[in-house]
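> So that we are looking at the same thing, I have put the structure below in structure tokens.
The values are calculated or read from the model by the stated rules, or taken from the named source; none is laboratory data. It should be emphasised that the depicted structure is a prediction, and the values quoted were computed from it without experimental measurement. All Cβ positions, glycine included, derive from the backbone under ideal geometry; neighbour counts span all protein chains shown.
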Amino acid sequence: MVSRILIANRGEIALRILRACRTLGIEAVVAYSEADRASLPTLLADEAICIGPADARRSYLSAPAVISAALVTGCDAIHPGYGFLSEDDAFADAVRAHGLTFIGPPSQVLERFASKEEVRRLLAAHGLPTIPGSGLLGDEAQALEEAGRVGYPVLVKPSAGGGGKGMRMVRSARELAAILPICRSEARAAFGDDSLYLERWLEDNRHVEVQVAVDHYGQGVHLWERDCSVQRRHQKILEESPSPAMTPAGRRELAERAVRAVVAAGYENVGTLEFLVDADGNAYFIEINCRIQVEHPVTEMLTGIDLVATQIRIAAGEPLGFTQADVHQDGHAIEFRINAEDPAHDFRPGAGTIERLNTPGGPGVRFDSHAYSGYDVPPYYDSLLGKLIVWAPTREVAIARGKAALAELVVEGVTTNIALHRALLEAEPFLEGRFTTNLLDRVGAAAFLAAAERG
Amino acid sequence: MPDQQRPSDRTASQRAADHAGIDRLADALVPALVAKLGTASLGEVEIREGDWHVRVRRPAGAGARRDRPHRAALPIVAPSGASSPAQAAAPGNPTGPRQEAALSPTVGMFKPGVLAGTRVRSGDRIATVDLLGIALDVVAPFDGVVLEVYPQAGDGVEYGEEIALVQADAPTADGAEEG
């Protein structure tokens, strides 16, 4: 049983978890760094405890500090949110060893699903199509041989990576040979592991992911898909569902295959399977995320299911409590990530005081954010200020509601990407549902902003 | 805790008046507030009287903090608008020698070291905080005397929490003009 949870994260997701705890009647303690002393989750929590300085390595990434905070505040569980320690199997194991519940997959499940390369093999064996790729790369000669077999262009990917960090696309053997040592040192610096593998590069692809939830007793459901094709440098900025890239039959088949495969492979708790979908509608599995994701509200708006509450209940050992037949996909939802960054200047991240904040409302509008008027955006963490999510019966109305909500949203004092979202909602590739993952980088944010200004 | 303040810069007569006020509040008001907190669905009750406010916060749950004498479980009494101890201890403080709190280096369980009244040198261990079995030192910020140690053995303390108040040795000839 879980009655008091330590939230070991910050920003909007800490607040989102706090809200789920309140809904479930669970007490919530927020663990915060010195830089987040005045953030909304810290102020609203049942109790808040400072676990370290602004430097995340000594606070949000410090497993001993987080576990110690849970023990001294009398918590019986830890929710890691996303990022930081959320998919660290050694952390999950240490949490369990201290008699606490880790809100997420059990450590042995995290361990089994930790290596992307091994997971692709595991889930391919359970029926998921994968992009032609290599095993872990050895020396240069072996890497070149593998690349020749996979076929150029290829993407060099760190096995321990995430969030698009450290990935490079190369078009020839000469480029590959030059970039390999750089990729290795980057991967070692970023993830402490320099294992690399290759994947065929799909030129114009969509990013479609399937949300799943599997309980401790092997009962699993999918909660349909999300389309996250609007990206800049492999970072998602806008997500929607249903995916405009897929037919109803194609979506259903992909989602059903995904949940069958992860249940068979022994996955547990909420998770997301990411796929690339090529121009012909073929889906290839790329990786699984063993955590709650930033874009989970898109699914919550469509299904009415509280994913964070589901995650907590599964971790507490409760049965799922609903079946696939209970999971409806009603209407259309779009999420806009509101980042403190300047799309007109290379997405340069910003910090400073939010002088004024006006949040939008109205039917089908949700705004998840830890920000408030007078809030100081610290410079130490990611640039996510909040998420605007809109729902409507159809995609057209959802876009109209998105425009209305973005027009109401005012953030003064800190530069944001709100103008880019407005521009995207005017852009033909988006309106026609044919945005691909490389489009924003290829065309450039400035071009979208300028086109929107010309009207 | 950011909302806990210790009036360390007051004169003896001010302190006597303060203590009388605190006693009045503790005898008359606090039991009533605690009773109210027990029946209402409130997490926290605060009242003001004169220069003082009293805040009573419900202990958020089981665990080490339930027994904490100086934090969430018990009333926190502080003079309105009193400066924080760190500010009160500024070198320019005209009322006496410099005072500063020794801070917890981590989040964990408090283990006492020296007693109040002990002379310490800068960097000396005053107490330790246990981080999952690793004892980390709470150190004296400068040469002086430990005036007070706030937590009790076994209390949970957070990173940066004030653990002990240290008063610097009498100012040297150089520092005298500051005082």
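> Which condition does A:Val262 not pass, out of (1) out of contact with any Cys (no Cβ under 8 Å at 6 or more places or on another chain); (2) in contact (Cβ under 8 Å) with a residue 60 or more places away in the chain; (3) outside any helix (DSSP H, G or I); (4) buried (at least 22 other Cβ atoms within 10 Å of the Cβ), if it passes all the others?
(3)
> Taking into account only those residues within segment A:354-400 that are of a type in the set (D, E, K, R) and outside any loop (DSSP other than H, G, I, E, B), which is farthest from A:Gly331 (Cα to Cα)?
Step by step, filter segment A:354-400, then rank; the result is A:Asp376.
> Checking A:Gly218 against (1) surrounded by fewer than 23 Cβ atoms within 10 Å (Cβ to Cβ); (2) farther than 25 Å from A:Arg366 by Cα; (3) within 13 Å of the chain's Cα centre (by Cα), only one condition comes out false. Which one?
(3)
> Scan segment A:115-167 for residues that are acidic (Asp, Glu) and touching a residue at least 12 places away in the same chain (Cβ under 8 Å) and jot them down.
Residues satisfying the conditions are A:Glu117, A:Glu140, A:Glu146.
> Out of the residues in segment A:92-106 meeting the condition of being surrounded by 24 or more Cβ atoms within 10 Å (Cβ to Cβ) and in contact with a Ser or Thr (Cβ under 9 Å, 6 or more places away or on another chain), tell me which one is farthest from the other protein chains (Cβ to nearest Cβ).
If we take residues in segment A:92-106 being surrounded by 24 or more Cβ atoms within 10 Å (Cβ to Cβ) and in contact with a Ser or Thr (Cβ under 9 Å, 6 or more places away or on another chain), then A:Gly104 is farthest from the other protein chains (Cβ to nearest Cβ).
> (1) more than 24 Å from the chain's Cα centre (by Cα); (2) free of Cβ contacts under 8 Å to residues at least 60 places away in the same chain: which one isn't true of A:Ser59, the others all being true?
That leaves (1) as the condition not met.
> Considering only residues that are of a type outside the set (S, T, N, Q) and under 14 Å from B:Tyr150 (Cβ atoms), which ones fall in segment B:98-120?
B:Glu100, B:Ala101, B:Ala102, B:Leu103, B:Phe110, B:Lys111, B:Pro112, B:Gly113, B:Val114, B:Leu115, B:Ala116
> Quickly run through segment B:147-167 and pick out the residues that are surrounded by 20 or more Cβ atoms within 10 Å (Cβ to Cβ), hydrophobic (A, V, I, L, M, F, W, C) and touching a Lys or Arg at 6+ places or on another chain (Cβ under 8 Å).
B:Leu165
> Mind checking which residues of segment A:132-161 are crowded, with 22+ Cβ neighbours inside 10 Å and of a type in the set (Val, Ile, Thr)?
Once the filter is applied, which keeps residues that are crowded, with 22+ Cβ neighbours inside 10 Å and of a type in the set (Val, Ile, Thr), segment A:132-161 yields A:Val154, A:Val156.
> Only one of A:Gln324, A:Gln293, A:Gln329 is modelled with pLDDT under 95, at negative phi, of a type outside the set (Asp, Glu) and surrounded by fewer than 24 Cβ atoms within 10 Å (Cβ to Cβ). Can you tell me which?
Among A:Gln324, A:Gln293, A:Gln329, only A:Gln329 is modelled with pLDDT under 95, at negative phi, of a type outside the set (Asp, Glu) and surrounded by fewer than 24 Cβ atoms within 10 Å (Cβ to Cβ).
> Something else now. Quick test of your reading of the structure: A:Arg188 fulfils all but one of (1) surrounded by fewer than 20 Cβ atoms within 10 Å (Cβ to Cβ); (2) more than 26 Å from the chain's Cα centre (by Cα). Name the failing condition by number.
(2)
> Take the residues of segment A:164-179 that are of a type in the set (A, V, I, L, M, F, W, C) and surrounded by fewer than 20 Cβ atoms within 10 Å (Cβ to Cβ): which is farthest from A:Asp88 (Cα to Cα)?
A:Ala173
> Does A:Leu15 fit the bill of being away from chain B (no Cβ under 13 Å), surrounded by fewer than 22 Cβ atoms within 10 Å (Cβ to Cβ) and at pLDDT 95 or above?
It is false that A:Leu15 is away from chain B (no Cβ under 13 Å), surrounded by fewer than 22 Cβ atoms within 10 Å (Cβ to Cβ) and at pLDDT 95 or above.
> Residue check: is A:Arg226 closer than 30 Å to A:Pro343 by Cβ, under 17 Å from the mean Cα position of the chain (by Cα) and surrounded by 15 or more Cβ atoms within 10 Å (Cβ to Cβ)?
Spelling it out, A:Arg226 is indeed closer than 30 Å to A:Pro343 by Cβ, under 17 Å from the mean Cα position of the chain (by Cα) and surrounded by 15 or more Cβ atoms within 10 Å (Cβ to Cβ).
Here's the yes/no breakdown for (1) touching a Gly at 6+ places or on another chain (Cβ under 8 Å); (2) surrounded by fewer than 24 Cβ atoms within 10 Å (Cβ to Cβ); (3) at pLDDT below 95; (4) among the aliphatic types (A, V, I, L, M):
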{"site": "A:Glu27", "(1), (2), (3), (4)": "yes, yes, no, no"}
{"site": "A:Ser59", "(1), (2), (3), (4)": "yes, no, no, no"}
{"site": "A:Ala63", "(1), (2), (3), (4)": "no, yes, no, yes"}
{"site": "A:Thr73", "(1), (2), (3), (4)": "yes, no, no, no"}
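> Among the residues of segment A:416-427, which ones are buried (at least 19 other Cβ atoms within 10 Å of the Cβ) and either touching a residue at least 60 places away in the same chain (Cβ under 8 Å) or in contact with a Ser or Thr (Cβ under 6 Å, 6 or more places away or on another chain) (or both)?
A:Thr416, A:Asn417, A:Ile418, A:Leu420, A:His421, A:Leu424
> Can you tell me how many residues within segment A:104-143 are among the aliphatic types (A, V, I, L, M), within 24 Å of the chain's Cα centre (by Cα) and assigned to a helix (DSSP H, G or I)?
6
> Quick one: A:Phe430 ticks every box in (1) surrounded by 20 or more Cβ atoms within 10 Å (Cβ to Cβ); (2) more than 23 Å from A:Leu302 (Cβ to Cβ) except a single one, so which number is it?
(2)
> Is it fair to say A:Tyr82 is hydroxyl-bearing (Ser, Thr, Tyr), under 21 Å from the mean Cα position of the chain (by Cα), buried (at least 24 other Cβ atoms within 10 Å of the Cβ) and more than 9 Å from chain B (Cβ to nearest Cβ)?
no
> Still on this structure, please answer the following. Given the structure, is A:Leu302 in a strand (DSSP E or B), of a type in the set (A, V, I, L, M) and buried (at least 18 other Cβ atoms within 10 Å of the Cβ)?
No.
> Select, from A:Glu209, A:Glu239, A:Glu199, the only residue that is of a type in the set (D, E, K, R), buried (at least 22 other Cβ atoms within 10 Å of the Cβ), part of a strand (DSSP E or B) and out of contact with any Cys (no Cβ under 7 Å at 6 or more places or on another chain).
That would be A:Glu199, the only listed residue that is of a type in the set (D, E, K, R), buried (at least 22 other Cβ atoms within 10 Å of the Cβ), part of a strand (DSSP E or B) and out of contact with any Cys (no Cβ under 7 Å at 6 or more places or on another chain).
> Taking segment A:428-455 as the region of interest, how many residues are in contact (Cβ under 8 Å) with a residue 12 or more places away in the chain, farther than 22 Å from A:Asp382 by Cα and among the β-branched types (Val, Ile, Thr)?
The number of residues fulfilling the criteria is 1.
> Report, by residue number, each residue of segment A:51-67 that is facing another protein chain (nearest Cβ under 7 Å) and over 19 Å from A:Thr101 (Cβ atoms).
Within segment A:51-67, A:Gly52 is the sole residue that qualifies.
> Checking A:Asp227 against (1) part of a strand (DSSP E or B); (2) touching a Phe, Trp or Tyr at 6+ places or on another chain (Cβ under 7 Å); (3) free of Cβ contacts under 8 Å to residues at least 60 places away in the same chain, which test does it fail?
Of everything listed in (1) part of a strand (DSSP E or B); (2) touching a Phe, Trp or Tyr at 6+ places or on another chain (Cβ under 7 Å); (3) free of Cβ contacts under 8 Å to residues at least 60 places away in the same chain, A:Asp227 misses just condition (2).
> Would you point out the residue of segment B:107-138, among those that are part of a strand (DSSP E or B) and over 20 Å from A:Ala63 (Cα atoms), that is nearest to the other protein chains (Cβ to nearest Cβ)?
B:Lys111
> Of the conditions (1) part of a helix (DSSP H, G or I); (2) closer than 27 Å to A:Ala160 by Cα; (3) of a type outside the set (Lys, Arg), A:Ala249 fails just one. Which one is it?
(2)
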